[in-house]
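Here is the structure we will look at, set down as structure tokens.
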Amino acid sequence: MLIAAPTHQQLIERADRYIALHYRQPLRMPELARHCHVSVRTLQNLFVRRRGESPLKAIRRYRLRQLHAQVAARPQLPLRQHYVNCGLIGSAADRALFQELYGHSVREHQLACRSRLQPSRMKAPVSTASPSPQAA
């Protein structure tokens, strides 16, 4: 009995699941390819054909999505901690891709999320009308 080889889509999904489980750790192409039971070159070619990007860029993109979500959930944490939690180092390439994906910097995202958490400091409206005369 022969077992059918996984389809290209199944291989991509297998890689995606592995990335989702291990994105906080250093991920190397050989271990990702080994997990998918293909060569590094096959995995790279498959990602470029199906996704238009390399597996390493797909990993970075996944990590940046996690970074975006984590900063939104806990904007009071230092950015350095968020980067570490997501398996990133905060390199110029990380920051540039974040800007490309979301249209603003990680810092701007953090500040916007912080401002949403702070209670409103609006004062009661001040009336400009003169006080009404009291009835005698």
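Observations on the structure shown:
- The stretch 55-80: number of residues that are farther than 15 Å from Arg95 by Cα and touching a Leu at 6+ places or on another chain (Cβ under 9 Å): 5
- Any pair with Cβ under 6 angstrom, 6 or more apart, that starts in the stretch 56-74 at a residue that is within 10 Å of Gln110 (Cα to Cα) and in contact (Cβ under 8 Å) with a residue 24 or more places away in the chain and ends at one that is surrounded by 18 or more Cβ atoms within 10 Å (Cβ to Cβ) and not charged (D, E, K, R): Val71/His82; Val71/His109; Val71/Gln110
- Here Ala93 qualifies as under 19 Å from Pro26 (Cβ atoms), loosely packed, with under 14 Cβ neighbours inside 10 Å and either under 13 Å from the mean Cα position of the chain (by Cα) or at pLDDT below 95 (or both).
- Residue match in the stretch 4-11 (condition: among the aliphatic types (A, V, I, L, M), loosely packed, with under 13 Cβ neighbours inside 10 Å and modelled with pLDDT under 95): yes
- Near pairs, Cβ below 8 angstrom, 6+ apart or cross-chain, from the stretch 1-29 (closer than 17 Å to Arg51 by Cα) to any residue that is exposed (fewer than 15 other Cβ atoms within 10 Å of the Cβ) and among the hydrophobic types (A, V, I, L, M, F, W, C): Met29/Leu56
- Failed item in (1) β-branched (Val, Ile, Thr); (2) under 16 Å from Gln70 (Cβ atoms); (3) at pLDDT below 85, with Val126 passing the rest: (2)
- Any hit, the stretch 24-33, residues being in contact with a Lys or Arg (Cβ under 8 Å, 6 or more places away or on another chain) and surrounded by 15 or more Cβ atoms within 10 Å (Cβ to Cβ): no
- Restricting Gln66, Gln76 to those that are surrounded by fewer than 13 Cβ atoms within 10 Å (Cβ to Cβ) and at pLDDT 95 or above reduces the list to Gln76.
The values are calculated or read from the model by the stated rules, or taken from the named source; none is laboratory data. Predicted, not measured: the structure shown is a model, and the values here were computed from it. A quick note on method: Cβ atoms are made from the backbone with ideal geometry, for glycine too, and the neighbour counts reach across all protein chains shown.
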